[in-house]
4 protein chains.
Amino acid sequence: MATIAFIGLGNMGGPMAINLVKAGHKVTVFDLVPAAVKTVTDVGASSADTAVAAARGADFVITMLPASRHVEGVYLGESGLLAALDSNTLVIDSSTIDAATVRKVAAVAKERGIAMVDAPVSGGVAGATAGTLSFMCGGDDDAFAKAKPVLEAMGKNIFHAGGHGAGQVAKICNNMLLSVLMVGTSEALRLGIDNGLDPVRLSEIMLASSGRNWTLEVYNPAPGVMEKAPASNDYKPGFMTELMLKDLGLAMETAIASSSATPMGALARSLYASHARNGNAKLDFSSIYQALAEQ
Amino acid sequence: MATIAFIGLGNMGGPMAINLVKAGHKVTVFDLVPAAVKTVTDVGASSADTAVAAARGADFVITMLPASRHVEGVYLGESGLLAALDSNTLVIDSSTIDAATVRKVAAVAKERGIAMVDAPVSGGVAGATAGTLSFMCGGDDDAFAKAKPVLEAMGKNIFHAGGHGAGQVAKICNNMLLSVLMVGTSEALRLGIDNGLDPVRLSEIMLASSGRNWTLEVYNPAPGVMEKAPASNDYKPGFMTELMLKDLGLAMETAIASSSATPMGALARSLYASHARNGNAKLDFSSIYQALAEQ
Amino acid sequence: MATIAFIGLGNMGGPMAINLVKAGHKVTVFDLVPAAVKTVTDVGASSADTAVAAARGADFVITMLPASRHVEGVYLGESGLLAALDSNTLVIDSSTIDAATVRKVAAVAKERGIAMVDAPVSGGVAGATAGTLSFMCGGDDDAFAKAKPVLEAMGKNIFHAGGHGAGQVAKICNNMLLSVLMVGTSEALRLGIDNGLDPVRLSEIMLASSGRNWTLEVYNPAPGVMEKAPASNDYKPGFMTELMLKDLGLAMETAIASSSATPMGALARSLYASHARNGNAKLDFSSIYQALAEQ
Amino acid sequence: MATIAFIGLGNMGGPMAINLVKAGHKVTVFDLVPAAVKTVTDVGASSADTAVAAARGADFVITMLPASRHVEGVYLGESGLLAALDSNTLVIDSSTIDAATVRKVAAVAKERGIAMVDAPVSGGVAGATAGTLSFMCGGDDDAFAKAKPVLEAMGKNIFHAGGHGAGQVAKICNNMLLSVLMVGTSEALRLGIDNGLDPVRLSEIMLASSGRNWTLEVYNPAPGVMEKAPASNDYKPGFMTELMLKDLGLAMETAIASSSATPMGALARSLYASHARNGNAKLDFSSIYQALAEQ
């Protein structure tokens, strides 16, 4: 079993750290919020007063932070983690941030002989709690091989997408596509309903046809089709509109930097931005269905 | 076994009629093109000089025609089929046309005591030949129940979408969604490739994640990912750009009539219209991927 | 002065007919709504009990009707106007309908030796009342030349767009473009405001730059920039969202029929459809600005 | 007359500096490309070996650089301009860059007591040569008042958009709107042409109606309508597709940062990205018209 420092115990990080403890790892955690720390120490983790203290002597450092600036803040600079770690430690950043920041931090790490893996996740709070997250990893083969067994304590699918930053790129490609599936499926269901079809029957037909996609399988956006989907529970998240909007922002920034054309992804970002502004930021992202329905 | 008249022996109708013959039905065909007729009589069908002659005494009349005006032309008017058939015959129209025309023809049929089912298909020429089409049917429960065994000789999935026209609505909802899946998947793959990812690996990741959809399963638009997909065979169809454009036109006309909002479907139609105009009308519809790639 | 029959006295037709009376023409009107008739007879028009009775002996018949089916109903069939008129009468249809219906009616008219002009208008109720409408006309040069003096009693700009139906095509091209100007201008103003700019100053800058367009000139969608614009008066119409949606539907049907690519026009239609469904159908079409603003 | 240092003598900067010399200012220039320097010294400017040497003792420093990183490179750091200038010098940056970089540089300038104005331009090479550029300025009232007379030697319209960065925001709002006008006008013209209208006549009609916009006035995208427009000269720029794509990238980054919804602007960016990838990066941006036309 490994010695692991876990930095960042939010909605996702908390249950992820707990799963590491349950798997038998020796986990030391750090977060600015005492209550978040307590949740994890209650199940057997230690805690530390600073990120650096938590990381001292660890085999693995895992960070789960809200945005690029937090990741830079924790790792870089004279008082950052990379200045304090020795080269035996493997760094795993599971935050969803832009690939450019990943590459910048990984380059500093490399100068100090420290291996790093970017490993953003999909699967939401439910997946974090159940230990069924998907990890999309970027980094060298060796680093990925070393990280994988640890990630398996928190997730079901552990993918190696490519070099540094590739995990982030894979995640935003996937989530951009997910947003398109969600809007497209909502449109198709509404068009059917507006023309007299029953959404349950239409969903069955498309699920068995070339319209099949993840949202029809497990996350139908029309109320009443799937009992457990957010759509049937007042669009309680799930995955919030504002988080999808954040991921689409990352996707668009990536597309701008690579001069890529993403007409549907770009449209999805604007539809979600408008939807968030109309009071739906905290609703599940499948609530975009409502923007197409008679209010 | 049933006595069946089959009208319209194009790329789809020909192999569909052949499958009916192979299933042991007594089939009489009609088409204006002698070569098309010969293909089916060669395997054992009879032929007739007019649609009405083919239909005389049949248990079932099946039509597979290019557009609404052909369907109206064959069924309506003094010399049309509905004036000639008796009420024992079940009419099945498998053409992809607008739901309004279906309802108009079905209403005339009803006046004469003739039951009708609209039963457009998906699955393309390959599915027609293999007998694995999906049929999306509209009509009364009784008529559907009577049509189903006959359709099973030509297809694998026989869906009952609702009343008259519901088959057409279900089909265009599905195909509109398919177009969105195709464009969205193409964008996600290109965005990944533009940022250094391998399309095979990215496809695997998204297929196992929330980006999963039919195009990633069986019809990947990036060349080289799937050996048998059109993308790996110079985008030889498959399902042509101009046919997707036709279906998207039907979807948009339906959306206009019901005041439905279909932002992604509408965008897909314009992208396909532009793609067709740029010389790609006869390529497979997955070639929209190329519009996003460096030429 | 001419003898004119005017059929259809709605929000637009009423004031148009009144302007014909004021210009000294001998006007006989017909409408199903007695109150609408009275408004025009009060200023000196005669009325008739049927459209045919109103049209008897007239030099000009002008119709202003809500949709294609009404135009077909009034003109075609055994009891329609075209069966009753003689070839000295010039028919002017000012309804906004699809070009195909115009061509169908014009063809029947031609068989009977009756000349016809399609002459849809822009300028709204305010323009109809003030006599400052724009007419976009389709038809032969002779017919246009004959219609022009009469139209000048109701409008300021009388354009000859081309042959039969060209007036309708010009109008929907213009109105599709207008919808794009309105949404694009709303986006640009919101983006500026969201980043600290004053909408008045930003409007001045864009008006003097390459962003200049009709909406910035006379119809600014941001509240408070123009005192008399609908935006500064709770988006009271003006030109209602649902009417713009109707025109965009006609534009999209035309685009589908000609396989034209209209990515922005198609997006505008879906944004307006969604906007209408969210309770804004009766607001001015510049209220699309609100869909982009924090609610 | 003022002493002015001008840094960056590209396609735009060169003619701008020449206009300052012609207006009687004492101009010292710096650029890495000797030929670019020579063009301006030929008309009477002095040159210097470094940016800092050029700026020494100047009343005004004007920079015209390709991207944010160049602006940061020239101004910031120990050997940058801001470390060398004294507080009598007014800094004017006419580069088109993101507002965040402007604010960062302006903050450093302020610490050193140096006033700064961001003053991006529109009008293209033709406007730079003719001295008819539009300047959209951000900065304090005093700084703007001081900069204005100098800018008037290079431009016709000098706008004060607001505080630091507001010039950049105004420019990208305007150019995002311009891209929407261009695509929307192209669509409307193509839709008309596809339905039998003459583009000259349709342009006249829309120019006199609510579709009026800058592109119809001076930059018609349909070949043959305006003799001097790029469209009538094989789409020779003018304003290149790749430059519009750059500006749309800046606009989208700004929209992402402020969570703004820009559906049309986002669509325009993807259409231009696709257009650039299809071999049109160096053509005038009005060539987007061709993407909608039969090839």
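The values are calculated or read from the model by the stated rules, or taken from the named source; none is laboratory data. Just so you know, these numbers come straight off a predicted model, no measurement behind them. No Cβ is skipped: glycine too gets one built from the backbone with ideal geometry, and neighbour counts run over all protein chains shown.
Summary table below
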read-out	value
Residues within region C:231-243 that are touching a Phe, Trp or Tyr at 6+ places or on another chain (Cβ under 8 Å) and not in a loop (DSSP other than H, G, I, E, B), tallied	4
Residue check, residue D:17 of a type outside the set (S, T, N, Q), over 20 Å from residue D:151 (Cα atoms) and either modelled with pLDDT under 95 or in a helix (DSSP H, G or I) (or both)	no
Criterion: over 23 Å from residue A:250 (Cβ atoms) and surrounded by 14 or more Cβ atoms within 10 Å (Cβ to Cβ) - qualifying residue of A:88, A:19	A:19
Among (1) within 30 Å of residue D:286 (Cβ to Cβ); (2) part of a helix (DSSP H, G or I) - the single one residue D:148 does not satisfy	(1)
Selection count, region B:208-219, where residues are touching a residue at least 40 places away in the same chain (Cβ under 8 Å) and either away from every other protein chain (no Cβ under 12 Å) or of a type in the set (Phe, Trp, Tyr) (or both)	1
Region B:38-85: number of residues that are surrounded by 17 or more Cβ atoms within 10 Å (Cβ to Cβ), over 24 Å from the mean Cα position of the chain (by Cα) and within 26 Å of residue B:250 (Cα to Cα)	0
Residue among D:268, D:293 that is assigned to a loop (DSSP other than H, G, I, E, B) and within 22 Å of residue C:255 (Cα to Cα)	D:293
Considering residues of region B:127-148 that are out of contact with any strand residue (DSSP E or B) (no Cβ under 6 Å at 6 or more places or on another chain) and touching a residue at least 12 places away in the same chain (Cβ under 8 Å) only, the residue nearest to residue B:175 (Cα to Cα)	B:128
Residue match in region A:224-235 (condition: within 12 Å of chain B (Cβ to nearest Cβ) and among the small types (Gly, Ala, Ser))	no
Any hit, region C:141-164, residues being at the interface with chain D (Cβ under 8 Å from one of its Cβ atoms), small (Gly, Ala, Ser) and crowded, with 24+ Cβ neighbours inside 10 Å	yes
From the options A:196, A:211, residue that is part of a loop (DSSP other than H, G, I, E, B) and surrounded by fewer than 24 Cβ atoms within 10 Å (Cβ to Cβ)	A:196
Residue check, residue A:238 within 21 Å of residue D:259 (Cβ to Cβ) and more than 9 Å from chain B (Cβ to nearest Cβ)	yes
Any hit, region A:152-172, residues being without any contact (Cβ under 8 Å) to a residue 60 or more places away in the chain and of a type in the set (D, E, K, R)	yes
Residue match in region B:164-175 (condition: over 17 Å from residue B:95 (Cα atoms) and of a type outside the set (A, V, I, L, M))	no
Hits in region C:178-189 - residues which are in contact with a Cys (Cβ under 9 Å, 6 or more places away or on another chain) and within 7 Å of chain D (Cβ to nearest Cβ)	C:187, C:188
Matching entry among A:259, A:232 (being within 30 Å of residue B:290 (Cβ to Cβ), surrounded by fewer than 20 Cβ atoms within 10 Å (Cβ to Cβ) and not acidic (Asp, Glu))	A:259
Subset of region C:37-52 (residues that are out of contact with any helix residue (DSSP H, G or I) (no Cβ under 6 Å at 6 or more places or on another chain) and either under 15 Å from residue C:81 (Cβ atoms) or assigned to a helix (DSSP H, G or I) (or both))	C:37, C:38, C:41, C:49, C:50
Qualifying residues in region B:244-263 (those that are in a helix (DSSP H, G or I) and more than 21 Å from the chain's Cα centre (by Cα)) - the one farthest from the other protein chains (Cβ to nearest Cβ)	B:257
Failed item in (1) more than 10 Å from every other protein chain (Cβ to nearest Cβ); (2) under 17 Å from the mean Cα position of the chain (by Cα); (3) crowded, with 24+ Cβ neighbours inside 10 Å, with residue C:136 passing the rest	(1)
Sole residue being farther than 21 Å from residue C:271 by Cα, of a type in the set (Phe, Trp, Tyr) and more than 18 Å from the chain's Cα centre (by Cα), chosen from B:219, B:235	B:235
Search result, residues across region A:92-115 that are under 20 Å from residue A:252 (Cα atoms) and aliphatic (A, V, I, L, M)	A:97, A:99, A:100, A:102
